[in-house]
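FYI, it's all coordinate maths here, none of it is from the lab. Note that this is a predicted model, so its numbers are computed, not measured. In this analysis, Cβ positions are derived from the backbone assuming ideal geometry, glycine residues included, and neighbour counts consider all displayed protein chains.
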Amino acid sequence: MAEHNHTGKWGEQLACQWLESKGFAILHRNWRHGRDEIDIVAMEGSFLVVVEVKTRCSDRWGHPELAVGAAKQRNLMRAATELLYSTPGNLELRFDVISITRTATGTEVFHIPDAFYPTL
């Protein structure tokens, strides 16, 4: 497996642990519909939370969360629509981003709730 794949898997695992420590319940990891994928699907209260995780080994190329652009948001919204069809209950949908950066002094985890909103 390529190094960037190991970094991504490590970041997703760290994000799950971080979310669980904050009271989130992890429902799915790497949930797929067709070619679209959601890194983490979690519950927080009445919210079904779609979480995109971006992990970098340094801050050399900027903050990881900036890599969640319009195209990625559209893909997540398309996948989330299918996810809602397969999830029972009347839940509110929320899109969060978790940005993880390894630095010389440790690891920084930055959680952005309501990172973006679905638009028509």
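Out of every Cα-Cα pair in the chain, what percent are more than 21 Å apart?
Value for the chain: 35 percent of Cα pairs lie more than 21 Å apart.
What is the fewest-to-most order of Phe95, Phe110 by other Cβ atoms lying within 10 Å of their Cβ? It would help to have the intermediate numbers written out before the result.
Values: Phe95 21, Phe110 13.
The order, fewest Cβ neighbours first, is Phe110, Phe95.
What lysines does Lys9 reach when the alpha-carbon gap must be under 17 Å and sequence neighbours fewer than 8 apart in one chain are set aside?
Output for Lys9: Lys54.
Using each residue's phi in region 15-23, evaluate 6.51 cos²θ - 1.76 cosθ + 1.60 at θ = phi - 60° and report the 3J(HN,Hα) Karplus result to the nearest Hz, with x for Gly and Pro.
Karplus values, whole Hz, x for Gly and Pro: 4, 4, 4, 5, 4, 4, 5, 9, x.
On a 0 to 90 degree scale, rounded to 10, what angle separates helix 70-85 from the longest Cα axis of the chain?
Taking the Cα atoms of the chain, the angle to 70-85 is about 40 degrees.
Can you give the charge dipole size of region 1-106 about its Cα centre, rounded to the nearest 20 debye, using +1 on the beta carbon of Lys and Arg and -1 on the beta carbon of Asp and Glu? Display every interim value, and only then the final one.
Numbers: 13 positive and 13 negative charges, 52 e Å.
With Lys and Arg at +1 and Asp and Glu at -1, about 240 debye.
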